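K.L.:
Dumping the structure here so I can ask a few things about it.
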Amino acid sequence: MTADDYIKNYRIDDPDRFNLSDMPTRPDVFERGKDAREASAANASVIGELSHKLYGEADRSVLIVLQGMDTSGKDGTTSAIFQRTPPLNVKVAAFKAPNKEELSHDYLWRIHNVCPGKGQITVFNRSHYEDVLVVKVREFVPLDKVEQRYEQINNFEKHLTENGTTILKFMLNISHEVQGERLRERLIESHKLWKFNPGDLEDRELWPEFMDAYETMVRRTSTPWAPWHVIPSDSRSRRGAIISSIVRKTLEDMNPEYPDPGFKLEDFKI
């Protein structure tokens with residue numbers, strides 16, 4: 001399958017007809033995980049070159065939003081996409097519970113503060129969508145406030161795109177069964193133990209409520225300027241191959257070029 005096929009299958013262009021239960025959690029692509037990893041590596045090499053050109057061009061930016069339940073693979077996806085990209089060219093913003101200063105501002109203040117500047121690519125590991133997901137499910141704010149936020153987020157993202165930022169939004173769609181397996185891994189494998197958070201089990205008990213919140217999120221905020229892609233994420237390698245293909249295609253379509261500063265070798269004594 002090509003990047004165009006992935007976009008056709010997983011981008012939500014008609015959110016009014018979207019049902020999360022219709023979306024697969026495991027894609028029927030790549031016979032072997034090894035093939036998927038090789039595809040990710042090939043994509044990552046091109047992404048690395050194009051991201052450097054974007055940085056040199058310093059005129060546009062890219063924002064990648066990764067949103068999903070715990071263990072859906074936000075860190076692994078970032079590694080797959082940017083395994084060949086110099087650290088200078090990409091930044092990651094990870095959003096946890098807001099601190100005291102952030103709570104003294106509106107909920108989008110801390111988000112806008114770390115959006116990519118010209119020439120930059122920024123990955124949101126979780127995002128402003130926490131404010132219509134966990135905040136909604138756990139009833140941290142009244143429901144009428146949550147309702148306001150869908151339109152506010154759409155307007156915020158439209159503002160970003162109108163000012164030169166291309167937005168790619170990926171919901172990492174993982175099954176309840178596979179999430180359970182990955183949570184168990186965190187308690188068994190010593191190098192993953194630090195990731196385990198008992199609070200994740202509390203969210204797991206609210207799985208139906210979270211799935212309803214995710215479905216509403218996609219329906220209300222998949223827009224022409226910032227559509228959602230709902231990516232099957234039960235397979236780590238295939239998830240990485242699909243998303244890296246879409247990121248690569250997006251950068252290729254943007255076609256960044258190094259600027260010509262007008263310097264000539266003959267003008268300088270070296």
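K.L.:
Could you list 192, 8, 74 in order of exposure, starting from the residue whose Cβ has the fewest other Cβ atoms within 10 Å?
P.N.:
Listing 192, 8, 74 from fewest to most nearby Cβ atoms yields 8, 192, 74.
K.L.:
Fewest to most neighbouring Cβ within 10 Å: what's the order for 50, 103?
P.N.:
The most exposed by this proxy come first: 103, 50.
K.L.:
Hey, another quick one. Springs between alpha-carbon atoms under 10 Å, Gaussian network over the chain: tell me which of 178, 141, 46 tops the mean-square fluctuations.
P.N.:
So, out of 178, 141, 46, the one fluctuating most is 141.
K.L.:
Reachable aspartates and glutamates from residue 91, Cα under 19 Å, same-chain residues fewer than 8 places away excluded?
P.N.:
49, 57, 59, 75, 157
K.L.:
Of all the C-alpha pairs in the range 74-211, what % are more than 23 Å from each other?
P.N.:
Taking all Cα-Cα pairs of the range 74-211, the fraction more than 23 Å apart is 46 percent.
K.L.:
Normalise the Debye intensity by I(0) for the chain, one equal point scatterer per Cα, no solvent, then take log10 at q = 0.08, 0.10, 0.14, 0.15 Å⁻¹ and round to two decimals.
P.N.:
For the requested q values the scattering log ratios are -0.34, -0.53, -1.02, -1.18.
K.L.:
Over 32 Å between C-alpha atoms is what I'm after, so list which of 100/192; 74/118; 8/74; 8/100 land there.
P.N.:
Details: 100/192 29 Å; 74/118 24 Å; 8/74 22 Å; 8/100 42 Å.
Flagged as over cut-off: 8/100.
K.L.:
Still on this structure: Report the residue, chosen from 107, 214, 55, that carries the largest GNM mean-square fluctuation when the chain is represented by alpha-carbon nodes joined by springs under 10 Å.
P.N.:
107
K.L.:
Can you tell which of 184, 149, 239 shows the greatest fluctuation in a Gaussian network model of the chain with Cα springs below 10 Å?
P.N.:
184
K.L.:
Here's something else I'd like to know. Between residue 265 and residue 200, what is 0.36 nm times their sequence separation minus the Cα-Cα distance? Round to one decimal in nm. Kindly include the intermediate steps, with their values, before the conclusion.
P.N.:
Working: separation 65, 0.36 × 65 = 23.40 nm, distance 5.91 nm.
This chain segment gains 17.5 nm when fully extended.
K.L.:
Moving to a separate point now. List 21, 233, 244 from most exposed to least, where exposure is judged by having the fewest other Cβ atoms within 10 Å.
P.N.:
21, 244, 233
K.L.:
Take every Cα pair under 8 Å in the chain that's 6+ residues apart, average their separations, divide by the length, and report that relative contact order as a whole percent.
P.N.:
So the answer I get is 37 percent.
K.L.:
Net charge near residue 96, counting Lys/Arg +1 and Asp/Glu -1 over other residues with Cβ under 15 Å of its Cβ?
P.N.:
For residues surrounding residue 96, the net value is -2.
Rule-based calculations on the coordinates, nothing more; no lab input. Everything numeric in this text was worked out from a predicted model, so none of it was measured. Note that each Cβ is placed from the backbone with ideal geometry, even for glycine, and that neighbours are counted across all protein chains shown.
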